[in-house]
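Chemist: Sending over a structure as structure tokens; questions will come in a sec.
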Amino acid sequence: MNFGLSQKELTLREEIRRFAQAELPPGWRRTTLIDGECRDFDFEVSMSRKLAQRGWLVMSWPEQYGGRDASLMEQTVYEMEVAYWGIPGALMGISGTQWVGPCLMLFGTEEQKKKYLPLIASGEKDGIWCTGYSEPNAGSDFANIRTRAVKEGDNYIINGQKIWTSAAHRARWCWLAARTDFNVAKKHHGISIFIVDMKSPGVTVNPILNYYGRHHFNEVFFDNVEVPVSNLVGEENRGWYLLMQSLAFERRSIAPMTYGNFKWVLEQLIEYANQTKYKSRLLSQNPMFRNKLAELAIDLETLKLFAFQVAWRIGRGEIPVYESSRNKIMSDEVMKRVAIVGAEILGIYSQADPDSEWAQMNGAVHGAYLGFPGQAIAAGTAEVEKSIIAQFKLGLPKSY
Amino acid sequence: MDFSLTEQQEMLRLSARGFLSTECPKARVRELDRDEKGYDPHLWHRMAELGWLGLVFPEEYGGMAGSFLDLTILMEEMGRNLVPVPFFSTIALCALPLLEYGTPEQKKRFLPQIAKGEAIWTLALLESSGKYEAAEIRLKAVLRDKNYLIHGRKLFVPDAHIADYILVAARTEESKRLEDGITLFIVDAKAPNMKIDIMPTIGGNKQCRVSFDRVRAHEDSIVGTASDGWQVLDFILQRAAVLKCAEASGACQAILDMANSYAKERIQFDRPIGSFQAIQHRLADMLIEVEAVQYLLYQAAWGISVGLPSRWQISAAKAKANQVFQQICIHAIGIHGAIGYTMDHDVGLYYRRAKAMEFAGGDSDIHREIVASELGL
């Protein structure tokens, strides 16, 4: 066993720290980076480009596709560190760098790899993807999707609706799950994955504001959208396996990002507790807060170990099955606990608008408090994840 | 980072698991629960033969020169079976500090005995407050010529009733800093003027009140430096916390396995109760918590093994284990239903031991306080 970082990993962390200090404006306001999005889109893209130039954006990809063959352990360190500093654009709207690219490397044609991977790796706007999975009647029961793709000559014609589509208003491409066969015994058969150009005629993107007024996700309509057959990824009707693989990739990256982000928030809270007095005593001298902050630190440490354990397993060529679900649940728990304890420490000020002068720590806790219930749903609810653990790790019967 | 065990460590784990499951069935553990001595001398000697008692001693003292991580792995397996032997008391609380702070004479005299299973040791530390803090050590030892006279009372001393030697933490000097003025003595457990009574506990594992009425201890019996004993105690507490955490980790895995198997066997509403999400999600929560304890534990044990300062990691692991062990037991009893509430079932035995596990090696408050201080609060 060894729980230390290698010299290479430590150096990388130091390089990212220096990058963050040089490239981020003084007093960089992070608010809710758990949404992975910054409100100044041009600034975000400029940062993606700079990360790409350093070879960090997709560092674990092979060099031929714009990466630098870094280990997944290094990639994990990178994810923790960019989240810690709140560097925008590090995930390029998430989909492309985190699962579209890795899935294309596994299942894409040579032509698809050559066309799309370098685009993602470039950090340019044309490399931004969204993912069309959820539909109004296909949430946790995702195999219920009704969006259909019908083959006509050299094209598939796509009709249907997607919802909760993150970054669709920014994306140039959509990684789309559609039904290619309705006459199947089991509904997770007959699904296929397509690459859709979001500039295609018939694609309409409508914003959906979240409960605090941010535009992060969308509904997307497909009205007779033509997609060339060469944009089918993998085999027709066998998209379910790709989907599961993509979700595993997605769930893997959540833990390192959450760890980095909330490590920063915890440090801010500690500083705040060390400086703020109530009844002539520092908050940090209050045993209740000391106890609660210590518990948060222990939870965060657990999340860190879980994140590295998954990276380690993948690095050994193994495929984590239940671990990504475990890590997703733990990430959500950490977010929730930091947000709730953080709000307790801030007291009445915890209700201030994160953008207002009344919000302490640049609104970090406020953003977390607003954001965590939504983040806990994205990529699989706790209930879905626990059922996965029960089935695949504990060997219990499928229950859904 | 590397989360894997070496081939030797894997072997140690497997052989310990195999040996303990045959040599130490739960029925035997429950039987010893009600026994006056409460331990299995035969098992103790078998463990000495296997080299487990001297696992981390250098070869010159009859040991196998294993690492602290090896010891952690062994302890995890012992915790899985709630093995009724004074291993924690003898090795974690006494042999490790003797190895680190003992004089050459002390090591030569005592360590080979321990390795052979010929001497049982324990540490008398806690007093009426039951807290692992320097300020709470009030029992006095007064120097008269070359001898100290120890006077006072210690509580919750594990296995003192079967011990041959007791390490006693005593106050030898009054000083402003409460960590100063503490000295650690080796006392013969059969010495005159000592009285040892068992404190009945819900766990059935034996803890004692040890009363000292002007018990004599020679200067040569000091471990470490006179009046600088807190340093030794701090060394002990860090290791005791990790090794207790290891026991808890093994026990947690055993309980989870038990509850999971039961969920698959128990039929209600014409199907296994493990097919219901209410049960599944409870088991999934348990699994996550058990793995949290495991990784926090391994990180801390690795840190000690390679000599890194690990105070933070140690306390994180123990605080987590304390909380999880109790919670896992409560979940497991809930999953078992009424049978889990009976004398005949093992799960209740683990639950009754939860409190002993929690307080040995430091309670949650103390460890969270250490984490808080290390965080800079």
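Just so you know, all these numbers are worked out from the coordinates, no wet-lab data involved. The model shown is predicted, which means the values in this text are computed figures rather than measured ones. Neighbour counts run over all protein chains shown; Cβ positions are idealised from the backbone, glycine included.
Chemist: Given a cut-off of under 8 Å on Cα pairs at least six residues apart, what relative contact order in percent is computed for chain B?
Modeler: Details: 700 pairs, mean separation 58.4, N = 377.
It comes to 15 percent, rounded to a whole number.
Chemist: If packing is taken as the average count of other Cβ atoms within 10 Å, what order do B:358-367, A:239-248, B:239-248 fall into, highest mean first? Could the numbers behind the result be given before it?
Modeler: Details: B:358-367: 21.9, A:239-248: 19.8, B:239-248: 29.2.
Peptide ranking by packing, descending: B:239-248, B:358-367, A:239-248.
Chemist: In the protein assembly as shown, if every C-alpha pair distance is counted and binned at 20 Å from zero, what percent goes to each bin?
Modeler: For the protein assembly as shown, the binned pair fractions read 15, 42, 30, 11, 1, 0 percent.
Chemist: So, with +1 on the Cβ of K and R and -1 on the Cβ of D and E, and no other charges, what is the size of the charge dipole of chain A about its Cα centre, to the nearest 20 debye?
Modeler: Details: 45 positive and 45 negative charges, 154 e Å.
Rounded to the nearest 20 debye, it is 740 debye.
Chemist: Another question, then. Can you tell me the orientation of helix B:104-115 relative to chain B, as the angle in degrees between its alpha-carbon axis and the longest Cα principal axis, to the nearest 10?
Modeler: 30
Chemist: What is the calculated FRET efficiency for A:Asp223 to B:Asp234, with r their C-beta to C-beta distance and R₀ = 56 Å, to the nearest 0.05?
Modeler: With R0 = 56 Å, the Cβ-Cβ based efficiency is 0.20.
Chemist: Could you give the Stokes-Einstein D for chain B in µm² per second, using the C-alpha Kirkwood radius, 25 °C, 0.890 mPa s?
Modeler: On the way: Rh = 21.3 Å.
After rounding, the answer is 115 µm²/s.
Chemist: Tell me the label-point distance for the pair B:Ala278, B:Leu178, using the 7 Å Cα-to-Cβ offset, in nm and rounded to one decimal.
Modeler: 4.7
Chemist: Can you give the net charge of the other residues whose Cβ lies under 12 Å from the Cβ of A:Leu10, counting K and R as +1 and D and E as -1? Display every interim value, and only then the final one.
Modeler: Numbers: positive: A:Lys8, A:Arg13, A:Arg17; negative: A:Glu9, A:Glu14, A:Glu15, A:Glu74, A:Glu81.
That sum, taken over residues with Cβ under 12 Å, equals -2.
Chemist: Right, here's the next one. Rg (Å, one decimal) plus Dmax (Å, integer) for the alpha carbons of segment B:123-227?
Modeler: Reported Rg and Dmax, both Å: 13.2, 44.
Chemist: Would you calculate the separation in nanometres between label points at A:Glu267 and A:Arg281, each defined as 7 Å from the Cα along the Cα-to-beta-carbon direction?
Modeler: Reported label-point gap for A:Glu267 and A:Arg281 is 2.9 nm.
Chemist: Could you state the angle between the C-alpha long axis of helix B:311-336 and the longest principal axis of the C-alpha atoms of chain B, as a value from 0 to 90 degrees rounded to the nearest 10?
Modeler: Relative to chain B, helix B:311-336 is tipped by roughly 40 degrees.
Chemist: How many nm separate the modelled label positions at B:Asp164 and A:Arg316, each set 7 Å beyond the Cα in the direction of the Cβ?
Modeler: Going by the 7 Å Cα→Cβ label model, 4.1 nm.
Chemist: Then there's this: Expected output is a single nm value to one decimal: the length gained when fully extending between B:Gln327 and B:Met11, i.e. 0.36 nm times separation in residues minus the C-alpha distance. What is it?
Modeler: In short, 110.7 nm is gained.
Chemist: If you take the beta carbon distance between A:Tyr212 and B:Asn193 as r and set R0 to 56 Å, what does 1/(1 + (r/R0)^6) give as a FRET efficiency, to the nearest 0.05? Kindly include the intermediate steps, with their values, before the conclusion.
Modeler: Working: r = 72 Å, r/R0 = 1.28.
Here the calculated transfer efficiency is 0.20.
Chemist: Let me ask something else. For a test of the definition: using alpha carbon positions, the gyration tensor, and the 1.5 limit on a/c, classify segment A:211-339 as rounded, prolate or oblate. Kindly include the intermediate steps, with their values, before the conclusion.
Modeler: Numbers: a/c = 4.33, a/b = 1.95, b/c = 2.22.
It is oblate, given that a/c is not under 1.5 and a/b is not larger than b/c.
Chemist: Just tell me how shielded B:291-298 is by partners: mean number of partner chain Cβ atoms within 10 Å of each residue's Cβ, no decimals.
Modeler: Details: counts 9, 9, 1, 2, 8, 4, 0, 4.
So the per-residue partner count for this stretch is 5.
Chemist: Against the longest principal axis of chain A, how steep is helix A:287-315, in degrees 0 to 90 to the nearest 10, with axes from Cα atoms?
Modeler: 30
Chemist: Given an 8 Å cut-off on Cα distances and at least 6 residues of separation, report the relative contact order of chain A as a percent. Before the final figure, lay out each step's value.
Modeler: Numbers: 710 pairs, mean separation 60.6, N = 400.
Rounded, it is 15 percent for chain A.
Chemist: Follow-up. Calculate, in nm to one decimal, what A:Asp42 and A:Glu111 gain on full extension: separation in residues at 0.36 nm each, minus their alpha carbon distance. Don't jump to the answer; show the numbers that get you there.
Modeler: Working: separation 69, 0.36 × 69 = 24.84 nm, distance 2.98 nm.
Stretched fully, the A:Asp42-A:Glu111 segment lengthens by 21.9 nm.
Chemist: Sorted by packing (mean other beta-carbon atoms within 10 Å per residue), highest first, where do B:49-57, A:84-92 land? Show your work: numbers first, answer last.
Modeler: Working: B:49-57: 20.8, A:84-92: 24.2.
Descending packing order for the listed peptides: A:84-92, B:49-57.
Chemist: Got a sec? Charge dipole of the protein assembly as shown, +1 on Cβ for Lys and Arg, -1 for Asp and Glu; which of A:Ser324, B:Thr201, B:Leu74 is way out at the positive end?
Modeler: After comparing all options, I get B:Thr201.
Chemist: May I pose another question? Net charge within 10 Å of B:Ile120 by Cβ-Cβ distance, Lys/Arg positive one each and Asp/Glu negative one each, not counting B:Ile120 itself? Walk me through the numbers before you get to the answer.
Modeler: Details: positive: none; negative: B:Glu118, B:Asp159, B:Asp164.
Result for the neighbourhood of B:Ile120: -3.
Chemist: Set the Förster distance to 60 Å, then compute FRET efficiency between A:Ala22 and A:Asp141 from the Cβ-Cβ distance, nearest 0.05. Numbers along the way, then the final one.
Modeler: Details: r = 47 Å, r/R0 = 0.78.
Efficiency, from the Cβ-Cβ distance: 0.80.
Chemist: Hey, another quick one. What is the gain in length, in nm to one decimal, between A:Lys8 and A:Gln53 on full extension, counting 0.36 nm per residue of separation less the C-alpha to C-alpha distance?
Modeler: Details: separation 45, 0.36 × 45 = 16.20 nm, distance 1.90 nm.
Contour length minus the Cα-Cα distance gives 14.3 nm.
Chemist: By its C-alpha gyration tensor, with a ≥ b ≥ c as the square roots of the eigenvalues, how is segment A:129-237 shaped: rounded for a/c under 1.5, else prolate for a/b larger than b/c, else oblate? Walk me through the numbers before you get to the answer.
Modeler: On the way: a/c = 2.25, a/b = 1.36, b/c = 1.65.
Oblate is the answer for segment A:129-237, as a/c is 1.5 or above yet b/c matches or exceeds a/b.
Chemist: Inside 10 Å of the C-beta atoms of A:281-293, what's the mean count of C-beta atoms belonging to other chains?
Modeler: Numbers: counts 0, 1, 1, 4, 1, 1, 4, 0, 2, 8, 7, 2, 5.
Other-chain Cβ atoms within 10 Å of each residue's Cβ, averaged: 3.
Chemist: Given an 8 Å cut-off on Cα distances and at least 6 residues of separation, report the relative contact order of segment B:123-227 as a percent. Mind dumping the intermediate values first?
Modeler: Values: 248 pairs, mean separation 32.7, N = 105.
Over segment B:123-227, the number comes to 31 percent.
Chemist: Here's another thing I want to ask about it. Please quote Rg/Rh for segment B:231-374 to two decimal places, taking the Kirkwood radius as Rh and restricting both calculations to Cα atoms. Intermediate values should be presented prior to the final figure.
Modeler: Values: Rg = 16.8 Å, Rh = 15.8 Å.
Here the Rg-to-Rh quotient is 1.06.
Chemist: Taking N as the number of residues in segment A:360-400, what is its Cα Rg relative to 2.2 N^0.38 Å?
Modeler: Taking the Cα Rg and dividing by 2.2 N^0.38 Å, one obtains 1.71.
Chemist: Lys/Arg Cβ at +1, Asp/Glu Cβ at -1, dipole of the protein assembly as shown taken about the Cα centre: which of B:Gly334, A:Leu394, B:Tyr101 is farthest positive-ward?
Modeler: Of the candidates, B:Gly334 comes out farthest on the positive side.
Chemist: Within 10 Å of each Cβ in peptide B:282-290, how many partner chain Cβ atoms are there on average? Round it to a whole number, please.
Modeler: Values: counts 2, 6, 16, 5, 1, 7, 13, 2, 0.
Mean number of neighbouring Cβ atoms from other chains: 6.
Chemist: May I ask you to work out the translational diffusion coefficient for chain A at 10 °C, viscosity 1.306 mPa s, via Stokes-Einstein with Rh from the Kirkwood sum over Cα pairs, reported in whole µm²/s? Spell out each step's value before the answer.
Modeler: On the way: Rh = 22.0 Å.
After rounding, the answer is 72 µm²/s.
Chemist: Sorted by mean Cβ packing within 10 Å, highest first, what order do the peptides A:166-173, B:258-265 take?
Modeler: Numbers: A:166-173: 21.6, B:258-265: 18.4.
Descending mean neighbour count gives A:166-173, B:258-265.
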